[in-house]
Amino acid sequence: MTQTSDAILPGAGTRFGVGTSARRPDATLKVTGEFAYASDLWLDGMVWGATLRSPHPSAWLRSIDVGPALRIPGVRAVLTHEDVPGAKYYGLEHKDQPVLAIDQVRYQGEPVALVAADHPETARRAAAAIAVEYEPRPAITDPRRSQHFVRHQPVRRGDTFEAEVVVTGEYEVGMQDQAFLGPESGLAVPAEDGGVDLFIATQWLHVDRDQLAPCLGLPADKVRLTLSGVGGAFGAREDLSMQIHACMLALRLNRPVKIVYGREESFFGHVHRHPARMRYEHGATRDGRLVYVKADILLDGGAYCSSSPAVVGNAASLGVGPYEVPNVRVDATGVYTNNPPCGAMRGFGAVQACYAYESQMDRLAEACGLSPVEIRVRNAVSQGSHLITGQVIDSPAPLADMLRDLETMPLPGPRDGDLRGLPGGVSQTTHGESVRRGVGYGVGIKNICFSEGFDDYSTARVRAELVGGEPHVTVQTAAAEVGQGLVTVQAQIARTELGIPNVTVATADTSVGSAGSSSASRQSYVTGGAVKAACEAVRKRFDGLTPKEALERFGPIEETREYRHRPTYPMDPLTGQGDSHTQLALCVHRAVVDVDVELGLVKVVELAAVQDVGRMLNPQALEGQIHGGSAQGLGLALMEEIQVRDGQVLNPSFTDYLIPTILDMPPMTLKILENPDPAAPYGLRGAGEPPTLSSTPAIAAAVRAATGLRLTRVPIRPEDIALFDES
């Protein structure tokens, strides 16, 4: 293990600087329930907004009668697409989504009309009173039948597609929800200059603004966004939900308007993880060396584009995993359907492919008579290896060592007599007579930051001044704190670079330049880089003096800097070749499970993980990211799926959409490696997404090991296991 020396850092001795587990400023408030989330916003004179949504996945919209809603006492306004003051379409990558349905609806839950009323219940009752005439039409819900492509990305390398050992498999990943605990919410306030101020829980303030302004018919400088408390995100807040709707109502009424989704509406109000159908063929020598991989990856993007092009690009470029493969034929395709829109979710694109290629590596190990670890070690990439896109891995990638480390970690002991530790837990469905144990491994590789030529940057403003006679630093960015601890890291960087312990991180808003999205595990890299650069500029102006001496002599010192990572390039549309990623991160998991083969119940006994993070900025927060990512991977493996039948969502609630609780999460054993990336600030490597990739296939492999079943789909359902025949 290598580690950057603190001695090279300007303020390395500063308490709570880089490399320490500095306490989060919001920690106590969140634990005690005093933290103000967006749903807690309040302003005198505000009214409440509600949305009428389509019950059909596909239908012509023949008429809308708002009269019944307007006649309800307390209703202030009812708006349809005819009331949109500017552009009627918006979108994250392509402007294909209507603000309100115009002549048709393309998915169940599509917004059709808006209501503002004095009370939220009145608003919801009025929305239900709107009379809409629909003409249902056949819905395209099977992605294999869709003829409407979002993107097709091939990857071609080599020309040898014959081998001594060949294994094939077809795999499926269900639709996962981000399942954040704080539903979508925000408060729009009309301003005296004719503009609007929006206080919103989001992941990307400036892209929200850039989509909002044209639809509102306003210049960008008259649409001002301030980040409100975010109750989780995981990609679902990268797209718009109620932002335009709240602003439309506020501007129409010239009054503040608040919209808060309930849990059921939240399931319809944001994008989900793309379901995937994948067919793989792996060819290898008899001793397990990969010769070729063929893969067809089909991703269901749902009704609108969202970030599907980037998801397809990730699935294609990372589609065979962190393995050296000289010959590749990969086709990744995203299509439109009348299912719910899908977009960003932790590890997007790479998660789906990882489940398939890791399942294949286990099949190949079996066919070659090798252990699951050995087959991976023999094919592991390292520094200097090429991805299937031809890109060279130019920073440490000690995958083989990580696998060996994982393999040598002690396994949990045999089951004790406590029935609560068995599948079924406190329900006492078994005393262990039908319970079998299995062990499985998973490996994942994830791109960090935005890829394929995206102008990926962040902006930071740093101000040093005397407050009460002592130096104080204020850091301001537009980077969204969504629970990952970014506010803490920004303060740590400022303390380290300036040697000033008193640091305030201002609330993120659009008064400073863009920081991009809190996604792609990128904020520590790019916003951390921007804060570091701005602090360095401030430090230069100290002119060799101590901070206090400099501020006494010169007064407040303020600097603003943009930080960009090294350039990336689009994948070739025909061959998929190109340096499309700026950084890559690796994580490996081992899962131990107990399976009740009669009832189909699974208990994850332990998860062990090894991850290379480049350099830890905040060790405790980083461990939390690995735990959290592993939990979402466990959910995808065993329980989390939005059930969609004929375009209809059947389980839009936390009663029926199951997520792991503290009783489902096992003890975790972690080994964190620090092999600095020389191109990154402090040598860090984005860490939030990789554990989501590798935990799912590891758990699935462990269940296979316990049951002997192929299990080609996640989440694994009880009926998939309970069909096991011991004879």
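The values are calculated or read from the model by the stated rules, or taken from the named source; none is laboratory data. Just so it is clear, the structure is predicted and the values come from calculations on it, not from any experiment. When we count neighbours, we look across all protein chains shown, and the Cβ atoms used for this are built from the backbone with ideal geometry, even at glycine. With ligands, DNA and RNA removed, areas are computed over all heavy atoms of the protein, side chains included. Shrake-Rupley method; radii C 1.70, N 1.55, O 1.52, S 1.80 Å.
Pop a pseudo-label 7 angstrom from the Cα along the beta-carbon direction at both residue 418 and residue 383 and give the gap in nm to one decimal.
With each label placed 7 Å out from Cα toward Cβ, I get 4.3 nm.
Can you give the local net charge around residue 589? Use residues other than it whose beta-carbon is closer than 14 angstrom to its beta-carbon, Lys and Arg +1, Asp and Glu -1.
In short, -3.
Using amide H atoms built in the peptide plane, which far-off residues or other-chain residues are under 5 Å from residue 395 H to H?
384
Rank-order 138-146, 628-636 by packing density, defined as the average count of other C-beta atoms within 10 Å over each peptide's residues, highest first.
Going by the mean number of other Cβ atoms within 10 Å, highest first, we get 628-636, 138-146.
Taking 0.36 nm per residue of sequence separation and subtracting the Cα-Cα distance, how much length would be gained by fully extending the chain between residue 408 and residue 102, in nm to one decimal? Could the numbers behind the result be given before it?
Details: separation 306, 0.36 × 306 = 110.16 nm, distance 6.02 nm.
That pair, residue 408 and residue 102, stretches by 104.1 nm at full extension.
Which whole-Hz couplings ³J(HN,Hα) result when phi for each residue of region 673-688 is put into the Karplus expression 6.51 cos²θ - 1.76 cosθ + 1.60, θ = phi - 60°, listed in order with x for Gly and Pro?
After applying 6.51 cos²θ - 1.76 cosθ + 1.60, I find 9, 10, 10, x, 8, x, 8, 9, x, 6, x, 5, 9, x, 10, x Hz.
At most 16 other Cβ atoms within 10 Å and a DSSP loop assignment: could you name the GluC sites (Glu not before Pro) in region 318-418 that fit?
324
With a 1.4 Å probe and all protein chains left in place, how much accessible area per residue does the chain have, in Å²?
Here the residues of the chain average 37 Å² of exposed surface.
Counting only protein heavy atoms and using a 1.4 Å probe, what share of the accessible area of the chain belongs to carbon plus sulfur, as a whole percent?
The C+S portion of the solvent-accessible surface of the chain is 50 percent.
Taking amide hydrogens as modeled 1.01 Å from N in the peptide plane, which residues meet the under 5 Å criterion relative to residue 186, leaving out close sequence neighbours?
For residue 186, whose amide H was placed from the backbone, the distant partners under 5 Å are 259.
Subtracting the Cα-Cα distance from 0.36 nm times the residue separation, let me have the gained length for residue 400 to residue 665 in nm, one decimal. Intermediate results must be reported in sequence, preceding the final value.
Numbers: separation 265, 0.36 × 265 = 95.40 nm, distance 2.72 nm.
Here the segment from residue 400 to residue 665 would lengthen by 92.7 nm.
Can you tell me which of 233-245, 502-514, 291-303 comes out highest on packing, and rank the rest after it, using the mean Cβ neighbours within 10 Å? List each step's numbers first, then the result.
Details: 233-245: 26.6, 502-514: 18.1, 291-303: 24.2.
Per-residue Cβ counts within 10 Å, averaged per peptide and sorted highest first, yield 233-245, 291-303, 502-514.
Looking at the square roots a ≥ b ≥ c of the eigenvalues of the Cα gyration tensor of region 608-727, which shape do they give, rounded for a/c under 1.5, prolate if a/b is larger than b/c, or oblate?
Note, shape of region 608-727 comes out prolate.
Whole-Hz Karplus ³J(HN,Hα) for region 504-519, in order, using 6.51 cos²θ - 1.76 cosθ + 1.60 and θ = phi - 60°, x for Gly and Pro?
10, 9, 5, 4, 5, 7, 8, 7, 10, x, 4, 10, x, 8, 7, 7
Determine, for each peptide in 266-276, 650-660, 250-260, 54-64, the mean count of other beta carbons within 10 angstrom over its residues, then list the peptides with the highest first.
266-276, 250-260, 54-64, 650-660
With respect to the cross-link table entries 30/258; 603/671; 294/603; 88/446; 88/222, which display a Cα-Cα separation exceeding 25 Å?
294/603; 88/446
Could you derive backbone 3J(HN,Hα) for region 442-456 from the dihedral phi with the Karplus parameters 6.51, -1.76 and 1.60 (θ = phi - 60°), listing whole Hz in sequence and x where the residue is Gly or Pro?
x, 10, x, 10, 10, 6, 10, 6, 6, 10, 6, x, 4, 6, 9
By the scheme Lys and Arg +1, Asp and Glu -1, what is the net charge of all other residues having a beta-carbon under 14 Å from that of residue 89?
-3
If you average the C-alpha positions of region 269-308 and of region 43-90 separately, how far apart do those two centres end up, in angstrom?
39 Å
Quick one: net charge around residue 575, please, counting Lys, Arg +1 and Asp, Glu -1 for every other residue with C-beta under 9 Å from its C-beta.
Details: positive: 156, 157; negative: 572.
After counting each charged neighbour, the total is +1.
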